[in-house]
Amino acid sequence: MRKITVIAGKSSEELAKSISKKLKANLVTSDVRVFPDGESKITLDGKLSKNRIIVVQSVYPPVDTNLVHALSLVSKAKETSDDVIAIVPYMGYARQDREFLPGEIVTMKVLGRLFKGAGAKQIIVVDIHSMIGLKHFKIKTKNVSAVPDLAKYFKKMRLKEPLVISPDQGGKNRAEEFAKEFGSDCIALTKHRDRKTGKVQIKTSKFDGVKDRDLIIVDDMISTGGSIIKATEFLKKQRCRRIFVACTHALLMNNAEKKIRNAGVTKIVSANTIPGKTSIVDISNTITQAMK
Ligand code: R5P
């Protein structure tokens, strides 16, 4: 059998190791040295073959640095193999998938060109913000869902009359998928984000059905925590019981975890697309299965 190689980018070392183990692949790790001017020098610790090479590198902050690392690893892999798959568990820039305001650059279009140009034959992402982003890639693409793994985690918890909540209409399908796996109903709030200031408001007016119930807010990502905090404040006013958050990508910028807890969230559970304290749901198996 032709042996696969997995290259572990610095941002996804643990996940790459698990994927490599499950695929019985050769693991090649990378060492990164950062020069005083901010440039990275990446060195691989092993040889690459002409067989399939899988690069695993998430693009979370520092987004541009991790992106250049991902592209560099893909480019290096392409020097020996024509079968290069880029696994980008968290795809930074995914929210910049269309021109919301005149003159805005659709960065996902740029990324589509860059990954193709670097030599990726296929790109695999996890719970991308919207499928529109992947339409800009002119290579094979796959979006893997962490929702079943997240739902499985919550199934083991003892919750009182649980109900799943989407903080906005855009995430309704994802929350419904979670609710189906988990076995409960689902409600989607209506959120408004000011495109210039980034400020979030919940537009849903008062509704019944959450009083004294445990709620699970399901979202693709938490960045500043603004969406979750506004949804939590609204739901608390409806006199719900506890609030939990299930999300795939926990960026948790600017002390967001503390702010979310202070707003009244009992627990945040995220997938290991971004390593961190809340990243307790492992998706290596789901990613490996998606490649078969
Ligand atoms: C937006 O529609 C997304 O699904 C997330 O709700 C949002 O990007 C999270 O960002 P933040 O935590 O800054 O509100």
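Tabulated data
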{"item": "Nearest-0.05 FRET efficiency for Asp82 and Ile42, computed from C-beta distance (R0 22 Å)", "result": "0.55"}
{"item": "Hull-based mean projected area of the chain, where the convex hull spans the alpha carbons, in square nanometres", "result": "16.0"}
{"item": "Sparse-neighbour loop sites [chymotrypsin sites (Phe, Trp or Tyr not before Pro); the stretch 77-162; at most 12 other C-beta within 10 Å; DSSP]", "result": "Phe100"}
{"item": "DSSP-assigned coil residues among trypsin sites (Lys or Arg not before Pro) in the stretch 15-101, each with at most 13 further Cβ atoms within 10 Å", "result": "Lys24, Lys47, Lys50"}
{"item": "Placed amide H near Asp168: partners under 5 Å, 5+ positions off or other chain", "result": "Leu189"}
{"item": "Computed magnitude of the charge dipole of the chain (debye, nearest 20; Cβ of K, R +1, Cβ of D, E -1)", "result": "420"}
{"item": "Whichever lysines have a C-alpha closer than 22 Å to that of Lys138, once near sequence neighbours (fewer than 8 apart) are set aside", "result": "Lys76, Lys78, Lys109, Lys116, Lys121, Lys292"}
{"item": "Residue-count net charge about Pro162 - beta-carbon cut-off 11 Å; Lys, Arg +1, Asp, Glu -1", "result": "+3"}
{"item": "Percent of beta bridges antiparallel (DSSP, the stretch 104-254, rounded to nearest 5)", "result": "15"}
{"item": "Fully extended contour minus Cα-Cα distance, from Met253 to Asp31, at 0.36 nm per residue", "result": "77.3 nm"}
{"item": "Proxy reagent accessibility, fewest Cβ within 10 Å first, across His136, His69", "result": "His136, His69"}
{"item": "Label point distance in nm, Lys160-Lys211, each placed 7 Å from Cα along Cα→Cβ", "result": "1.4"}
{"item": "Longest to shortest principal axis, alpha-carbon extents of the stretch 134-194, angstrom", "result": "46, 30, 15"}
{"item": "Spin-label model distance (nm) - Lys22 vs Asp185, 7 Å beyond Cα toward Cβ", "result": "3.5"}
{"item": "Karplus 3J(HN,Hα) series, Hz, for the stretch 164-176 with 6.51 cos²θ - 1.76 cosθ + 1.60 (x for Gly, Pro)", "result": "9, 10, 9, x, 8, 5, x, x, 4, 4, 5, 5, 5"}
{"item": "Lys50 paired with Lys152, simple spin-label distance in nm, labels 7 Å along Cα-to-beta-carbon", "result": "3.8"}
{"item": "Karplus (6.51, -1.76, 1.60) ³J(HN,Hα), θ = phi - 60°, over the stretch 287-292, in Hz, Gly and Pro reported as x", "result": "5, 4, 4, 5, 8, 7"}
{"item": "At 0.890 mPa s and 25 °C, Stokes D of the stretch 185-292 from Kirkwood alpha-carbon radius, µm² per second", "result": "166"}
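Every read-out reported here was derived from the displayed coordinates using simple, explicitly stated rules and does not represent laboratory data. Bear in mind that the values here come from a model prediction, so they are computed numbers and not experimental data. Positions of Cβ are generated from backbone atoms using ideal geometry, with glycine treated the same way; all protein chains shown enter the neighbour counts.
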